[in-house]
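*Asks:* Would you mind keeping the following structure in view while I ask a few things?
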Amino acid sequence: MLVKFYAPWCGHCKKLAPEFEKAAKKLKGIVKLAKVDCTANSETCGRFGVTGYPTLKIFRYGKDSASYDGPRTADGIYEVMRRQTGPDSVHLKSKEDLQAFVNNYDASIVGVFPSSEGSRLPEFLKAAGLLRDQFRFAHITDLQVADDHNVDSECVLLFRPPRLASAFEDSVVVFKDYLTISSLRRFLRDHLYGLCPHMTLENRDRLRVRDLLTAYYDLDYQHNVRGSNYWRNRVMKVASKYAGRSLMFSVANKKDFLMELEEDYDLGTSDAGDMPFVTIRTKLGQKYVMREEFTRDGQSLERFLEDYFAGRLKQYIKSEPIPEKNSAAVKVVVAESFNEIVNDPDKDVLIQFYSPSCPHCKKLEPIYRELAETLYSDPHTVIAKMNAVDNDIPLGYDVQGYPTIYLAPAGRKDNPIRYQGPRELKEFLNFLKRESSHKLMSSGSRDEL
């Protein structure tokens with residue numbers, strides 16, 4: 001059973017609700033989904049260690065088994081929870097079983113062992129139990145079942161999805177090192193995705209732990225495998241020339257990422273016509289867009305990559321215009337002015353990230369303004385705010401809800417301090433006295449607070 005612990009007022013919970021309902025319908029008869037309102041059942045939520053919303057937990061035989069850390073889309077929840085049913089690893093007893101298992105939309109990991117005794121099979125099964133929510137596992141206890149793959153000893157075979165078969169890489173990768181859970185994890189991390197994986201809403205977070213180039217186009221592996229691979233093969237041809245250059249490549253369906261393309265890159269569906277959009281997002285959050293049209297010979301992509309590796313590309317930043325006047329007590333910050341105002345090395349800057357539609361932000365507004373007016377004449381302190389919906393949030397600031405408030409102290413801009421106290425004037429002042437690099441001075445006076 002998958003249980004959602006939530007609060008009715010929580011914005012993230014409201015966003016998850018329709019996806020959770022869709023997943024429940026798809027999983028009917030396979031896995032049960034349930035929900036607990038923590039505002040009405042606080043004791044129950046406390047018993048299971050729920051401290052934030054929404055929290056999802058997997059229960060087995062009535063006991064809390066594991067936290068659910070998978071995707072929060074209906075399809076993602078369905079795939080993860082479907083994998084929680086049945087054995088951790090499927091026992092394949094014939095070549096026909098093997099062929100049927102690997103002929104799948106997703107990658108397959110198959111452990112090959114000479115027998116069920118005196119081998120590393122138990123360790124493989126432990127790994128399968130730990131990783132089953134991410135990967136498909138099966139095992140063989142007769143080497144002859146896998147002899148079509150030139151196997152003559154104990155190993156693990158990674159079968160990439162048949163739909164992604166390409167002349168630019170092997171469809172099967174063999175792992176022959178000493179098998180432990182850690183060594184198998186490393187092998188899968190390094191080889192699962194290959195030269196150019198298909199990025200989806202479900203796997204994007206795992207792919208984006210590295211610098212990632214993505215080509216977005218009308219990709220549809222369910223109904224048009226050949227057409228989907230047309231552009232992927234052109235990306236892979238170029239990618240093969242840059243292997244080992246600390247940049248990963250991927251392709252994605254632009255319709256799946258339409259909102260992200262519009263919000264993060266200001267790209268609409270008609271901007272590139274039938275040609276792919278190409279972007280780079282680094283693991284640090286820096287973004288780059290290929291403005292030249294993607295050419296079928298791949299030369300425009302090569303030029304884009306040469307400029308990227310040479311440091312000639314201008315980073316894309318989503319930003320509101322810098323305000324012409326900014327004389328109010330609370331300074332308005334946009335992404336383009338963030339470095340100038342918040343990262344001023346000589347000033348302590350309290351920055352509030354807000355959403356224009358957030359009721360908590362509106363409630364805070366008069367208190368925050370009073371704080372700014374109290375410290376208006378302090379030459380070393382700035383009270384500022386930034387619309388986090390219409391501006392890119394800089395690296396180092398974790399904004400999951402609104403309002404989120406940080407202090408960027410003078411001389412310590414690389415280590416902003418999150419404010420987590422009550423949203424009252426006295427508490428803000430106490431926080432600034434404690435954490436600021438300078439002594440606070442009140443408005444209308446040169447006296448220290």
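*Asks:* Return only the number of the condition from (1) touching a Cys at 6+ places or on another chain (Cβ under 7 Å); (2) open to solvent by less than 40 Å² (accessible area, probe 1.4 Å) that Tyr53 does not satisfy.
*Replies:* Here Tyr53 clears every test but (2).
*Asks:* In contact with a His (Cβ under 9 Å, 6 or more places away or on another chain) and open to solvent by 30 Å² or more (accessible area, probe 1.4 Å): is that true of Arg72 in this structure?
*Replies:* Taking the combined requirement at face value, the residue satisfies it.
*Asks:* Then there's this: Is it the case, given these coordinates, that Asn415 is assigned to a loop (DSSP other than H, G, I, E, B), open to solvent by 60 Å² or more (accessible area, probe 1.4 Å) and not charged (D, E, K, R)?
*Replies:* Yes: the conditions hold for Asn415.
*Asks:* Also: Just checking, how many residues over segment 101-133 are in contact with an Asp or Glu (Cβ under 7 Å, 6 or more places away or on another chain) and part of a loop (DSSP other than H, G, I, E, B)?
*Replies:* Residues meeting the conditions: 5.
*Asks:* Can Gly401 be described as under 25 Å from Gly52 (Cα atoms), of a type outside the set (A, V, I, L, M) and free of Cβ contacts under 8 Å to residues at least 24 places away in the same chain?
*Replies:* Against the criterion (under 25 Å from Gly52 (Cα atoms), of a type outside the set (A, V, I, L, M) and free of Cβ contacts under 8 Å to residues at least 24 places away in the same chain), Gly401 does not qualify.
*Asks:* Before we move on, is Val209 surrounded by fewer than 17 Cβ atoms within 10 Å (Cβ to Cβ) and at pLDDT 95 or above?
*Replies:* No: the conditions fail for Val209.
*Asks:* Let me ask something additional. Please go through segment 134-174 and give me each residue that is open to solvent by 40 Å² or more (accessible area, probe 1.4 Å), in a helix (DSSP H, G or I) and not aliphatic (A, V, I, L, M), ordered by number.
*Replies:* Once the filter is applied, which keeps residues that are open to solvent by 40 Å² or more (accessible area, probe 1.4 Å), in a helix (DSSP H, G or I) and not aliphatic (A, V, I, L, M), segment 134-174 yields Gln144, Asp147, Asp148, His149, Pro162.
The values are calculated or read from the model by the stated rules, or taken from the named source; none is laboratory data. For clarity, every value in this text was computed on a predicted model and none was experimentally measured. Glycine also receives a Cβ, built like all others from the backbone with ideal geometry; neighbour counts cover every protein chain displayed. These area figures cover heavy atoms from the full protein model, side chains too; ligands, DNA and RNA do not enter into them. Shrake-Rupley method; radii C 1.70, N 1.55, O 1.52, S 1.80 Å.
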